[in-house]
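Structure, as C-alpha cells:
The values are calculated or read from the model by the stated rules, or taken from the named source; none is laboratory data. Just so it is clear, the structure is predicted and the values come from calculations on it, not from any experiment. Here the Cβ is made from the backbone with ideal geometry for all residues, glycine too, and neighbour counts use every protein chain on show.
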Amino acid sequence: MAAETPLAEVASKWIAASHEDRRHLFGRRLFSFARDLHRDLRVPIGLINASWGGKMIEVFMSAEALASDPAFSAVKKRWLRNSAAAGAARRL
C-alpha cells in the first residue's frame, strides 16, 4: 500500500546482496557499479530497490519536482489528471 505523503520511517531491513540478487532485484549494471565502488572506496555500499511495478514515474515525484522543468509538462498533466480522478474516487 502506498503512502500519500513521505514517511519518516518504514518497516524494512538491510540485507547483504548476492550475485543471485543482481538478476532479480538490481540488474547487472547497478550491481556491478556498486561492487566496483565498494572495491575502490573500501566502504559499505547500500543499494535500494525502490521499484514498484506498473507505476508511472509521477507516482514518485512531488508536484514541485514536476513543475521544475518544462520537459515534465506531459507527465505533470497526467499527474494532475490522475490525482483529480483519485480524489473523485475517494469521495464516492
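A few points about this structure:
- Looking only at residues of segment 41-50 that are exposed (fewer than 10 other Cβ atoms within 10 Å of the Cβ) and touching a helix residue (DSSP H, G or I) at 6+ places or on another chain (Cβ under 9 Å), we find that the one that is modelled with the lowest pLDDT is Ala50.
This table checks each residue for (1) modelled with pLDDT of 75 or more; (2) surrounded by 10 or more Cβ atoms within 10 Å (Cβ to Cβ); (3) outside any helix (DSSP H, G or I); (4) among the polar types (S, T, N, Q).
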residue	(1), (2), (3), (4)
Ala17	yes, yes, yes, no
Arg39	yes, no, no, no
Lys55	no, yes, yes, no
Glu64	yes, no, no, no
Ser73	yes, yes, no, yes
Lys77	yes, yes, no, no
Gly87	no, no, no, no
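- Residues within segment 15-51 that are under 17 Å from the mean Cα position of the chain (by Cα) and touching a residue at least 12 places away in the same chain (Cβ under 8 Å), tallied: 7
- Any chance Phe31 is assigned to a helix (DSSP H, G or I), aromatic (Phe, Trp, Tyr) and over 20 Å from Pro6 (Cβ atoms): yes
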